[in-house]
Amino acid sequence: MKALYDVPAPAKLNLFLHIIGRRPDGYHLLQSVFMLVDWCDTLHFELRDAGRISREDAGAPLPDDDLVVRAARALQQACASNSGVHIRLEKRIPVQAGMGGGSSDAASCLLALNRLWRLGLSLPQLEKIGLGLGADVPFFLRGRNAWVEGVGERIRPLDLPPARFAVAKPPEGLASDLIFGDSQLKRDSAPAIISGFAANPDGSFPFGFGHNDLQPVAQRHCPAVTQALQWLGNQGLQARMTGSGSAVFAQITQENALLPAPAGWQVRECMNLAVHPLMGWAASDDFGGGPDS
């Protein structure tokens with residue numbers, strides 16, 4: 001095998017995000033449901049020798065030492081591998097959106113290089129490497145919608161029914177450090193439980209459960225978040241922010257036809273995914289079911 005092309009890296013939405021405390025080391029304790037959606041970056045990998053790692057950007061330029069390059073180097077170092085790779089990244093997921101694009105790219109890179117370099121690492125081994133890159137990387141490696149707790153390391157698979165969502169990202173982005181470092185961030189939400197999330201009197205699944213504790217702080221730092229919430233709200237949709245970025249989302253039905261978005265916004269209708277497109281790539285030596293299989 002000399003190459004892997006068209007490797008997807010899907011985004012996620014936080015259906016809710018509660019901050020329930022803070023550890024002595026400053027890390028926040030959260031509860032959330034992470035949901036995969038079909039808004040994807042695409043990566044292409046070509047084998048190189050002499051351990052060379054390089055990356056080119058098909059879209060807007062990214063930092064030289066982005067998470068994809070860091071993931072490749074971390075895997076190479078963990079396995080003392082002499083294999084190299086050239087990576088071409090087609091970036092579609094907005095940056096600083098709270099949709100996990102960088103972490104998803106890193107996870108797909110680890111899964112793809114585990115195959116391309118014929119390393120045969122198990123999923124737990126890849127997760128250990130991924131956690132060193134970012135708290136969200138293990139979620140994307142596991143590849144299922146999940147109830148997430150702790151600092152992001154406690155992940156429990158969760159089945160979600162199919163649904164459509166409108167996602168709107170204004171031109172302005174938000175850095176996670178800015179939000180989590182704000183003194184006015186609410187850090188004492190009451191803990192939730194999965195049964196409370198799943199319970200709903202009318203029998204429908206509670207995509208509107210809870211709230212995002214980061215949203216008020218984000219709206220103060222970035223007025224465009226409020227504008228995006230209002231844009232969806234004016235169309236009769238119940239919107240909230242995802243993660244710590246500036247993207248907002250709302251569940252939609254076939255009857256909802258979105259109005260034209262303001263100039264410079266990225267707006268997309270997404271379906272949620274039952275599983276990650278690369279599910280099973282780290283299960284055994286028989287990776288099957290993915291690009292170039």
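The values are calculated or read from the model by the stated rules, or taken from the named source; none is laboratory data. This structure is a prediction, so every number in the text was calculated from the model and none was measured. Note that each Cβ is placed from the backbone with ideal geometry, even for glycine, and that neighbours are counted across all protein chains shown.
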query = Taking the stretch 10-30, which residues are out of contact with any His (no Cβ under 9 Å at 6 or more places or on another chain) and over 15 Å from H211 (Cβ atoms)?
reply = A11, K12, R23, P24, D25, G26, Y27, H28, L29
request  = Answer yes or no as to whether L160 is crowded, with 17+ Cβ neighbours inside 10 Å, at pLDDT below 95 and more than 22 Å from I179 (Cα to Cα).
outcome  = yes
message = Given the criterion within 19 Å of the chain's Cα centre (by Cα) and either surrounded by fewer than 16 Cβ atoms within 10 Å (Cβ to Cβ) or assigned to a loop (DSSP other than H, G, I, E, B) (or both), identify the matching residue among F207, F139.
response = F207
message = Just checking, does the stretch 83-97 include any residue being aliphatic (A, V, I, L, M), over 20 Å from V37 (Cα atoms) and assigned to a loop (DSSP other than H, G, I, E, B)?
response = no
request  = Check whether at least one residue in the stretch 235-248 is surrounded by fewer than 15 Cβ atoms within 10 Å (Cβ to Cβ), outside any helix (DSSP H, G or I) and either touching a Gly at 6+ places or on another chain (Cβ under 7 Å) or without any contact (Cβ under 8 Å) to a residue 12 or more places away in the chain (or both), and report yes or no.
outcome  = yes
ask   = Do we find that A71 is within 19 Å of A50 (Cα to Cα) and touching a Leu at 6+ places or on another chain (Cβ under 7 Å) in this structure?
value = yes
inquiry  = Pull out all pairs, ordered by first then second residue, where Cβ-Cβ is under 6 Å, the residues are six or more apart or on different chains, the first lies in the stretch 180-196 and is touching a residue at least 24 places away in the same chain (Cβ under 8 Å), and the second is in a loop (DSSP other than H, G, I, E, B) and surrounded by 13 or more Cβ atoms within 10 Å (Cβ to Cβ).
reply    = K186/D213; S189/D213
Scan of the stretch 21-38 for residues that are over 21 Å from the mean Cα position of the chain (by Cα) and touching a residue at least 60 places away in the same chain (Cβ under 8 Å), ordered by number = G21, R22, R23
note = Taking the stretch 39-78 and keeping residues more than 23 Å from P124 (Cα to Cα) and without any contact (Cβ under 8 Å) to a residue 12 or more places away in the chain leaves P61, P63, D64, D65
query = Among R88, R73, which is the only one that is in contact with a His (Cβ under 9 Å, 6 or more places away or on another chain) and either among the hydrophobic types (A, V, I, L, M, F, W, C) or surrounded by fewer than 16 Cβ atoms within 10 Å (Cβ to Cβ) (or both)?
reply = R88
remark   = Exception for E56 within (1) over 19 Å from the mean Cα position of the chain (by Cα); (2) assigned to a strand (DSSP E or B); (3) surrounded by 12 or more Cβ atoms within 10 Å (Cβ to Cβ) falls at (3)
query = Quick one: which strands (runs of 3 or more DSSP E) sit completely within the stretch 142-185 and have at least 1 residues that are more than 22 Å from Q230 (Cβ to Cβ) and either out of contact with any Phe, Trp or Tyr (no Cβ under 8 Å at 6 or more places or on another chain) or not aliphatic (A, V, I, L, M) (or both)?
reply = 146-150, 154-157
